[in-house]
Structures are given as C-alpha cells and as structure tokens.
Amino acid sequence: MEELRPSELGTLEFWDKRYKEENNSFQTHGDPGEIWFGEESAERVINWMLRNEIQKDSNILDLGCGNGMFLIELAREGFTNLFGVDYSQGAIDLARAIAHKQDFTFINYSVKNILEGLDQNFDIINDKGTYDAISLSENSKQNRELYLKSVFDSLSDDGYFIITSCNWTESELDEQVSNKFVCHKLIPTPQFKFGGNVGSLVTTIVYKKKLK
Ligand SMILES: C[S@@+](CC[C@H](N)C(=O)[O-])C[C@H]1O[C@@H](n2cnc3c(N)ncnc32)[C@H](O)[C@@H]1O
C-alpha cells in the first residue's frame, strides 16, 4: 500500500484559513459551507443508523465535524446526545453558529485534536473526510496510528466506528485498521467502471472493535 504525498489539507493552517472564509460566508449569506463528498454520503450513514435502530439517546461523536451538518441531520432525526470535535477553532465557531440558528443548541461542540485522545466514551464514532485529512499530514503513518488508538479507546465495546473516505479503498482501510477493528458492514456507494475495472469514488465502512 502506497503512502499518500503530504498536502496542505493535512495542516491546521489550511483548515483555519478555510473556516475563516466559511464563517464570513455564513455571516453574510447564511451559507453553511462545503458538504464534503456530497449530501448523499451523510444520508447513506444516517439511513444505515435508522435501519439498524440505533437508539436515539446513543452517545454519537462526529470526528473532525467541520460545519457540523452531519450532527444537524441527526438532530432532525431525533437523536439527542450529539458531540462534535474539530481541531480548528473556526470549524467549531461555524458549527455552533449553524446549530444556534437552527435551534439545536443541545449539540455539544469542542475544539480537540483527535491525535491527543478523547476524554469520553461513545456508542458511535463517525468520520467523513477527517482520516483522509490526517492521511495527508506529515508523519501520516504515525498520525493514523494515534488516530486509530484514540477511536479504539473511546468507542464502547459494542459500539460502531463508521468511516467515509475518498483517499482509501475498502481493502486499504481494512488493512490499516485490522489490528483494532473488524468490518461489520460495507455501506454501498455509487460505483464507476473504467477499462473493465469497477471502483468507488467514496468508501463507507462500519467497523466494530476487535476484542481479545
Ligand atoms: C474534509 S474535512 C471534513 C469535515 C466534515 N467531517 C464534513 O464531512 O463536512 C476534514 C476535517 O477534519 C478536521 N481535522 C483534521 N485533522 C484533525 C485532527 N487531528 N483533529 C481534529 N480534527 C481534525 C479539519 O479541521 C476538517 O474540519
């Protein structure tokens, strides 16, 4: 498996600058900002949660929540214990402003670097695009290990870790997490065919903890 070349998407400076612009745009036009990988990728995860009767009072964490739109959608569906962390203060300011405007002030947001660990336990941990961003940082391999340790340590033993990636394929993700997690469900995503090979632009997998 080849390492990705580091890029500015793997730096806090990039995200701070980006969310500064998105906060300005939200203040001026009410635009919540980029929906990474399209609205359907969040919808697919939420539909899976609804089909699998995830309890509405489960502790749910969105890792690298950005503008927090995933949690807003969960709040609309009636989920009540919602948490979002992001290492960019600008992301958290934006997420709080959006939640406030939509009267979902019960969503808990905090500034946190996932690589430094989390201080709470969760039934569901969701990631859309954050593992991807970390994979583009300097020392990506080491950072991915720290990330996976943080997720493992703060996920309840019967919890679900749901990851959506556009940088890694299903087999690459399985290989990277295999020490700690086992695939529970591959959520189908649109596929494309090129030169006889079938691939996906985005991969979403639900993992469970590997328990000794
Ligand atoms: C591609 S964006 C995705 C945002 C959001 N999950 C979404 O789907 O709209 C990646 C996010 O990860 C956050 N991030 C990157 N590295 C992080 C880290 N070490 N700890 C916490 N957040 C991080 C960035 O600030 C950014 O908001």
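The values are calculated or read from the model by the stated rules, or taken from the named source; none is laboratory data. Small disclaimer: the values here were computed from a predicted structure and weren't measured. Cβ atoms come from the backbone with ideal geometry, glycine included; neighbour counts cover every protein chain shown. Keep in mind that these areas ignore ligands, DNA and RNA; they rest on the heavy atoms of the full protein, side chains included. Shrake-Rupley method; radii C 1.70, N 1.55, O 1.52, S 1.80 Å.
Annotations
- Extension gain (nm, one decimal) between Ser7 and Gln191, 0.36 nm per residue minus Cα-Cα: 63.6 nm
- Under 12 Å from a label point set 7 Å out along the Cα-to-Cβ vector of Lys210, the amide N atoms of region 147-185 belong to 174-183.
- Whichever lysines have a C-alpha closer than 29 Å to that of Lys185, once near sequence neighbours (fewer than 8 apart) are set aside: Lys56, Lys112, Lys128, Lys141, Lys149, Lys193, Lys208, Lys209, Lys210, Lys212
- Mean Cα-pair separation over length for the chain, i.e. relative contact order, pairs under 8 Å, 6 or more apart, %: 20 percent
- Cα-projected label distance for Glu39 with Asn52, points at 7 Å along beta-carbon direction, nm: 2.4 nm
- Expected 222 nm ellipticity per residue - DSSP helices of 4 or more, -39500 (n - 2.57), all of the chain, to 500: -11500 deg cm²/dmol
- Within-14-Å neighbourhood charge of Glu43 [Cβ basis; K, R +1; D, E -1]: 0
- Protein accessible area in region 8-97, 1.4 Å probe - carbon and sulfur %: 46 percent
- Amide N of region 86-101 lying under 16 Å from the label point, which is placed 7 angstrom from the Cα of Asp16 along Cα→Cβ: 86-94
- Per residue solvent-accessible surface (Å²) - the chain, probe of 1.4 Å: 52 Å²
- Where both bridge residues fall in region 8-209, DSSP classifies roughly 45% of the beta bridges as antiparallel.
- Working ranking of peptides 83-95, 115-127 by packing, defined as the average number of other Cβ atoms within 10 Å per residue, highest first, is 83-95, 115-127.
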